[in-house]
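Take a look at the structure below.
The values are calculated or read from the model by the stated rules, or taken from the named source; none is laboratory data. Owing to the predicted nature of the structure, the values given are computational and were not obtained by experimental measurement. Every residue, glycine among them, receives a Cβ derived from its backbone with ideal geometry; neighbour counts consider all protein chains shown. We work out accessible area using only protein heavy atoms, side chains counted, and drop any ligands, DNA or RNA first. Shrake-Rupley method; radii C 1.70, N 1.55, O 1.52, S 1.80 Å.
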Amino acid sequence: MILKKLGQSDIEISAVGQGTGIHHSLKNREIYRQLESTIRTGIEMGINFVDTAPVYGEGEAEMVIGKALKGIRHAVVLATKVSPENISSKGIKGSVEGSLRRLQTDRIDLLQIHWPNPQIPLSDTLMGLEEIAREGLVRYVGICNFSFNDTQEIHQKLPPKHLASVQVEYNLFDRSIEREFLPFGQQEGISIVAYSPLHRGRIVANRRQFGILQTIANQYDKTPAQIVLRWLTGHLPVVVIPNTTNSERMKENAKSMDFDLKEEDARYLEEKCTGHFLEIPPRSIQVADDSGRSVYRTLDEALRNAMNCVPSPQELAEQIATGEFLKPVRLRPAKSSSDRFELLEGRIRYWAWVIAHGFEKPLPALIEDFS
Ligand SMILES: NC(=O)c1ccc[n+]([C@@H]2O[C@H](COP(=O)([O-])OP(=O)(O)OC[C@H]3O[C@@H](n4cnc5c(N)ncnc54)[C@H](OP(=O)(O)O)[C@@H]3O)[C@@H](O)[C@H]2O)c1
């Protein structure tokens, strides 16, 4: 297993960690039993970094980890998060206490702010983070899903070396973090924890790309997933947290670190297998999709934010209006018409863009097409 430093700390984490992001709609005992044994398998394979959050399975994922780590807690660097509604100094303390109870431990190695919350002053959040670190409940802190400007500001305002990690989406399909976050992590000694490293199991954008990836994988006697995980971790500050509840896949993911990807193959993958980055006017995008996730269907609904999304479309629009780079939304070609697209991911970003710029100004998008 390849080990990397967590930020500038003296803690070493495995370049492949274990993600545990189970959606609460999948609250199913069998999945949790599988997750528990997968975590143990991962640890036997040299994985020592486990990432979770109170929101995963509404606390169930943390409880499963608590059970899985009985007697072996010392062998693991445990990372959890605090949800955006709890990122006041008081809220952070309460959230951490809940996580410690569910995880059956007395300290969290890495506490990450899960999403920004514009309704809570940053100064209050930072005070809360410093307090729990002082009390010894948390060793290092990290953030997820903040804009690049906010990330820089948090890094400057926290005590030196305190911000150990930034968790962002990074996979072969979506390489947008290479613009700013990746060089920043490298320069500042901050770990980049890559979530959805396998593009949620789809790995690339389409079948043609998958075929190319498979050909490269065959040359190494590896699988496409292993090639992608190795490509990602070839970037100095990057560790990956693929999610699986399947022990065989966990072994496969752990074994993605026992070979080197040749420089020319890495460049070839980047050239041939990266997502198509386009700019599409919002009026050409249908927001309703078949994923079963709730979505605002009209601008009026988005402005009212009845689902209480944090940040709200309106709050995100204010940030976008300042010209900050927006993570691209995910689209697939609509079945009904060749010049229309369906929105797969980025429901809040889509409406935030419409609030900021209207329906005509094209927004950054990545297109996948497995039809
Ligand atoms: N901070 C955040 O906002 C945030 C957001 C999203 C995710 N995350 C974290 O990142 C973790 C991973 O992200 P993710 O679950 O979105 O996506 P992912 O890890 O890219 O993909 C997970 C999917 O890939 C499949 N898979 C795993 N190993 C595989 C392999 N070797 N070959 C083929 N398929 C494989 C899994 O299926 P099986 O289970 O059937 O193997 C699952 O369907 C989460 O668990 C969570 O901890 C954080």
inquiry  = Just checking, does the stretch 50-70 include any residue being under 26 Å from residue 12 (Cα atoms), of a type in the set (Phe, Trp, Tyr) and in contact with a helix residue (DSSP H, G or I) (Cβ under 8 Å, 6 or more places away or on another chain)?
reply    = yes
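Kindly state which helices (runs of 4 or more DSSP H) lie completely within the stretch 179-281 and contain at least 1 residues that are near the ligand (Cβ under 10 Å from one of its atoms) and touching a residue at least 24 places away in the same chain (Cβ under 8 Å).
224-233, 247-254
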note = Given the conditions (1) closer than 23 Å to residue 42 by Cβ; (2) in a helix (DSSP H, G or I), every one holds for residue 128 apart from (1)
Close pairs from the stretch 351-371: first assigned to a loop (DSSP other than H, G, I, E, B), partner of a type in the set (Phe, Trp, Tyr) and open to solvent by 10 Å² or more (accessible area, probe 1.4 Å), Cβ under 8 Å, at least 6 apart = 361/353
inquiry  = I'd like to know if the stretch 123-134 contains one or more residues that are open to solvent by 20 Å² or more (accessible area, probe 1.4 Å) and small (Gly, Ala, Ser).
reply    = yes
query = Name the pairs whose Cβ atoms lie under 6 Å apart, with the first residue in the stretch 58-72 and over 18 Å from residue 106 (Cβ atoms), the second part of a helix (DSSP H, G or I) and of a type in the set (A, V, I, L, M, F, W, C), and 6 or more positions between them or separate chains?
reply = 64/35
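For every residue, the table says whether it meets (1) surrounded by 17 or more Cβ atoms within 10 Å (Cβ to Cβ); (2) β-branched (Val, Ile, Thr).
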| site | (1), (2) |
| --- | --- |
| 223 | yes, yes |
| 241 | yes, yes |
| 294 | no, no |
| 305 | yes, no |
| 316 | yes, no |
ask   = Among 39, 47, which is the only one that is in a loop (DSSP other than H, G, I, E, B) and either in contact with an Asp or Glu (Cβ under 6 Å, 6 or more places away or on another chain) or β-branched (Val, Ile, Thr) (or both)?
value = 47
Positions within the stretch 53-100 being among the charged types (D, E, K, R) and either assigned to a helix (DSSP H, G or I) or buried (at least 20 other Cβ atoms within 10 Å of the Cβ) (or both), in sequence order = 58, 60, 62, 67, 73, 81, 85, 90, 93, 97
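Taking the criterion of being more than 25 Å from residue 91 (Cα to Cα), under 20 Å from the mean Cα position of the chain (by Cα), more than 16 Å from the ligand (Cβ to nearest atom) and in contact (Cβ under 8 Å) with a residue 60 or more places away in the chain, would at least one residue in the stretch 161-175 satisfy it?
no
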request  = Return only the number of the condition from (1) free of Cβ contacts under 8 Å to residues at least 60 places away in the same chain; (2) open to solvent by less than 40 Å² (accessible area, probe 1.4 Å) that residue 9 does not satisfy.
outcome  = (1)
key: Residue count, the stretch 26-52 (criterion: at negative phi and open to solvent by less than 50 Å² (accessible area, probe 1.4 Å))   = 15
remark   = Here the residues within the stretch 101-121 that are in a loop (DSSP other than H, G, I, E, B) and touching a residue at least 40 places away in the same chain (Cβ under 8 Å) are 114, 115, 116, 117, 118, 119
request  = Report, by residue number, each residue of the stretch 135-148 that is in contact with a Ser or Thr (Cβ under 8 Å, 6 or more places away or on another chain) and open to solvent by 40 Å² or more (accessible area, probe 1.4 Å).
outcome  = 139, 140
